[in-house]
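Below: one structure, written as structure tokens.
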Amino acid sequence: MGNPWPAALTRTGLSLVAALVLGLAVGRPWLVLAVAALALLAFNLVQTHRLEQWLRRSNRQRPPAAEGLWGGIFSAIDRRQYRRRGRLLRLLDLLQRFRESVSAMPDGVIMLAGEGEMQWWNRLASRYMGLRWPQDRGQRIANLLRHPDFAAFLGRGDWNAAVKIPSPQDADRTLEIRIVPYGSDRQLLLARDVSELDRLETMRRDFVGNISHELRTPLTVLRGMSEQLNDSDAAASGELQRPLALMEQQVGRMSRLVDDLLLLSRLETESPPVEPGPVVVAELLRDVQDEAKALSGGEHTITLTADEALQVEGDRDELRSAFSNLVSNAVKYTEAGGRIDIRWFEAAGAACAAVADTGKGIPAHHLPRLTERFYRVDAGRASREGGTGLGLAIVKHVLSRHGARLSVTSELGVGSTFTAVFPHYERVQAAAPVSQSGE
């Protein structure tokens with residue numbers, strides 16, 4: 001439709017000119033012009049009234065019949081409302097499909113806005129958390145889910161992680177809750193029933209812990225018998241020296257495996273320390289460096305560069321175990337004459353403990369699985385070195401308990417770098433890094 005204003009202005013102008021000519025003919029030009037103006041005003045008031053009446057009932061009526069400018073206005077508004085109704089219907093259809101899709105999901109879903117106000121949720125969310133529609137709409141999720149772990153999860157605001165809590169409707173049901181931000185200041189809360197997986201994981205941990213405890217007794221007996229045989233005349237004659245040496249070696253290996261299994265079981269089942277203490281990591285790494293030198297037997301160059309002012313909160317023994325595993329692995333898998341660099345430094349808003357070696361490197365396809373239990377890149381060499389295959393799994397769990405993560409980079413023929421990244425740390429004082437080297 002074209003612009004109606006030129007025609008409307010032309011008609012209005014011609015009407016006024018005709019009224020002026022008529023007024024001049026009867027000798028009353030101003031009176032006739034006034035009457036014509038009042039007539040135009042009355043006409044526009046009538047059309048305005050029709051427009052207002054139609055807009056009030058426009059969902060049920062077609063636009064009023066009109067010509068000229070008013071006809072264009074009525075038609076333009078009608079077309080715009082038609083398009084708006086079409087968009088609204090499409091949006092309603094899309095919303096309905098979205099709700100049907102979300103309702104079909106195997107997870108409870110809650111749409112959150114603002115400060116965690118619940119806007120909508122599916123049937124599973126009602127079943128898992130006891131939500132009532134529409135009574136609970138607009139309530140903050142934190143007011144209805146009061147489990148301390150969930151409150152801590154909301155307080156951290158780390159939406160890359162998840163939290164497990166018992167269902168408020170059924171204490172035997174375990175829910176894994178994630179929050180996914182979307183749009184502007186909105187989130188989706190996803191609650192998945194992981195009761196069966198949690199039960200199986202608990203059974204696995206209990207089995208590992210129990211069997212590890214049970215293995216300690218026969219290993220102690222075997223070790224005692226080995227020591228007695230070593231002191232016997234038969235061992236002195238040389239006939240049993242090699243079998244006894246192999247027996248002692250394997251008993252030692254099994255003992256280390258049991259110790260690692262028990263440690264891993266404890267890390268998985270026990271809660272992190274409620275009140276962790278400050279750990280001077282630089283001092284701890286010096287002890288680890290001394291152990292690495294003894295393990296190396298002078299076959300490697302082992303250096304330490306540590307920022308004395310950086311500290312973290314946590315359990316000193318657990319962190320020592322993690323760092324010791326990283327450094328001992330570097331010693332085991334680096335050829336004689338190689339170099340191992342231990343660094344404790346601040347970078348990109350985190351405190352980092354890095355262990356770099358000049359070993360053979362690790363193929364890229366192995367990197368994602370390095371922290372799995374008993375996973376080995378070189379099974380033959382690991383067996384010869386007496387490793388248990390649990391070291392990096394222990395490192396992963398220790399770091400997780402301290403809010404940290406493990407980063408691994410490696411290049412074949414160049415070496416590998418294992419970095420423990422601590423986002424939460426403190427600098428107690430300005431201090432220059434202290435370097436130590438050793439053979």
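Residues that are touching a strand residue (DSSP E or B) at 6+ places or on another chain (Cβ under 8 Å) and surrounded by fewer than 13 Cβ atoms within 10 Å (Cβ to Cβ) were ranked within segment 178-196; the one that is nearest to Ser167 (Cα to Cα) is Val180.
Out of Gln81, Gln135, report the one residue that is more than 18 Å from Arg186 (Cβ to Cβ) and part of a loop (DSSP other than H, G, I, E, B). Outline the logic, then answer.
On the way: Gln81 fails: part of a loop (DSSP other than H, G, I, E, B).
Only one candidate passes the filter, namely Gln135.
Looking at segment 140-239, what helices (runs of 4 or more DSSP H) fall wholly within it and have at least 1 residues that are in contact with a helix residue (DSSP H, G or I) (Cβ under 8 Å, 6 or more places away or on another chain), within 30 Å of Leu262 (Cβ to Cβ) and modelled with pLDDT under 75? Please lay out each step first, then the result.
Values: elements: 141-144, 148-156, 195-230, 233-236.
Per the criteria, 195-230.
Within segment 302-315, the presence of at least one residue that is surrounded by fewer than 19 Cβ atoms within 10 Å (Cβ to Cβ) and under 15 Å from Val395 (Cβ atoms) is confirmed. The C-beta contact set for segment 147-171 (first residue closer than 18 Å to Ser400 by Cα, second residue surrounded by 15 or more Cβ atoms within 10 Å (Cβ to Cβ) and of a type in the set (Lys, Arg), distance under 6 angstrom, 6+ apart or interchain) comprises Ala162/Arg178.
In the set (1) open to solvent by 60 Å² or more (accessible area, probe 1.4 Å); (2) under 22 Å from Gly403 (Cβ atoms), Arg339 fails one condition alone, (2). Of the residues making up segment 77-113, those that are of a type in the set (S, T, N, Q) and surrounded by 11 or more Cβ atoms within 10 Å (Cβ to Cβ) are Gln81, Ser101, Ser103. Within segment 242-281, restricting attention to residues that are within 17 Å of His424 (Cβ to Cβ) and open to solvent by less than 20 Å² (accessible area, probe 1.4 Å), the residue that is modelled with the highest pLDDT is Val281.
I need the full set of residues from segment 56-76 which are assigned to a helix (DSSP H, G or I) and loosely packed, with under 12 Cβ neighbours inside 10 Å, in order please. Explain how you work it out, then say what you get.
Filtering segment 56-76 for residues assigned to a helix (DSSP H, G or I) gives 56, 68-76.
Across segment 56-76, the qualifying residue is only Arg56.
Of all residues in segment 337-370, those that are touching a His at 6+ places or on another chain (Cβ under 7 Å) and among the small types (Gly, Ala, Ser) total 1.
I'd like the full set of residues that are part of a loop (DSSP other than H, G, I, E, B) and either of a type in the set (Gly, Ala, Ser) or open to solvent by less than 80 Å² (accessible area, probe 1.4 Å) (or both), limited to segment 14-52. Across segment 14-52, the qualifying residue is only Gly27.
The values are calculated or read from the model by the stated rules, or taken from the named source; none is laboratory data. This one's a predicted model, so the numbers in the text were calculated from it and none came from an experiment. Positions of Cβ are backbone-derived with ideal geometry, glycine not excepted, and every protein chain shown enters the neighbour counts. Ligands, DNA and RNA are stripped out before the accessible areas are found, and what is left, the full protein with its side chains, is counted by its heavy atoms. Shrake-Rupley method; radii C 1.70, N 1.55, O 1.52, S 1.80 Å.
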